[in-house]
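The values are calculated or read from the model by the stated rules, or taken from the named source; none is laboratory data. What you are looking at is a predicted structure, and each value in this text was computed from that prediction instead of being measured. A quick note on method: Cβ atoms are made from the backbone with ideal geometry, for glycine too, and the neighbour counts reach across all protein chains shown.
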């Protein structure tokens with residue numbers, strides 16, 4: 001089910017996407033996945049981008065709660081600066097001793113608010129896909145969010161087979177796409193100032209019929225138009241940098257859901273991992289030079 005109170009225009013469009021007639025759906029996909037400035041042009045511009053008519057564009061906007069095109073444009077303008085803002089623009093003009101306390105309060109509020117906005121249907125579907133051991137899972141992200149992708153992969157690898165974290169290099173990503181098909185689940189982390197190579201990978205995976213899980217911010221990555229599951233979290237904070245703490249909390253929620261869905265099945269796998277880890281540590285210690293040898297070499 002869509003959220004009752006979508007935070008942004010993009011979330012509103014995404015929530016209504018499954019229920020739209022085909023022509024209006026094309027308009028919605030164009031507005032979600034295209035140039036963010038498209039909605040600031042004319043009705044004819046939007047219609048041309050979606051290969052449909054101006055009346056179809058206006059019918060969609062009316063369905064979304066915008067009586068006139070100007071009302072939609074006003075909402076887009078209000079959000080555009082937030083969607084395109086950079087850390088430099090958000091940098092504080094003065095320092096404050098209360099910054100840590102303010103940050104803690106902000107993070108707690110964001111996590112709590114996200115819990116009320118996340119579409120429960122998308123959350124449930126994400127758990128089902130990640131827990132399906134018949135499917136291969138790939139995770140990847142951008143410059144900062146790739147650490148969240150690695151964190152998710154590291155947990156899933158303990159719980160089930162067939163999970164890989166895709167590195168940032170172009171060669172690694174190209175190799176990963178070779179085996180992506182309809183049995184694949186691709187979890188992409190892409191937050192505002194959306195990273196082109198990450199978007200391209202997700203789009204390529206969707207074109208190869210993979211199930212696409214998108215972790216993004218409240219303004220939505222361009223991949224939202226193609227994703228099977230969209231899980232937005234708030235990235236705004238008193239800091240000049242976007243925060244990923246709410247997204248981390250969401251990863252923890254999904255891992256808990258996967259554990260619950262798999263039941264007792266991962267126990268043998270986790271026990272085997274513990275055994276292999278102990279063996280690996282023992283081998284590493286056995287191969288390490290004795291302390292007096294290190295001193296002699298020094």
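Here are a few things to note about the model shown:
- Positions within the range 184-224 being within 16 Å of residue 235 (Cα to Cα), at pLDDT below 95 and in contact with a strand residue (DSSP E or B) (Cβ under 9 Å, 6 or more places away or on another chain), in sequence order: 191, 192, 194, 195, 216, 217, 218, 219, 220, 221
- Any hit, the range 278-293, residues being at pLDDT 80 or above, under 25 Å from residue 151 (Cα atoms) and in a helix (DSSP H, G or I): yes
- Among the conditions (1) touching a residue at least 60 places away in the same chain (Cβ under 8 Å); (2) outside the structural domain of residue 146 (by TED's automatic domain parsing), the only one that residue 271 does not satisfy is (1).
- Scope the range 102-128; condition in contact with a strand residue (DSSP E or B) (Cβ under 6 Å, 6 or more places away or on another chain) and either more than 22 Å from residue 200 (Cα to Cα) or not assigned by TED's automatic domain parsing to the domain that holds residue 234 (or both); matching residues: 114, 122, 125
- Taking the range 135-213 as the region of interest, none of the helices (runs of 4 or more DSSP H) fully inside it holds 2 or more residues being touching a residue at least 24 places away in the same chain (Cβ under 8 Å), touching a helix residue (DSSP H, G or I) at 6+ places or on another chain (Cβ under 8 Å) and not assigned by TED's automatic domain parsing to the domain that holds residue 225.
- Against the list (1) modelled with pLDDT of 90 or more; (2) assigned to a helix (DSSP H, G or I), the condition residue 66 fails is (2).
This table checks each residue for (1) outside any loop (DSSP other than H, G, I, E, B); (2) surrounded by 15 or more Cβ atoms within 10 Å (Cβ to Cβ); (3) at positive phi.
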site	(1), (2), (3)
230	yes, yes, no
239	no, yes, no
242	no, yes, no
246	yes, yes, no
252	yes, no, no
256	yes, no, no
261	yes, yes, no
264	no, no, no
267	yes, no, no
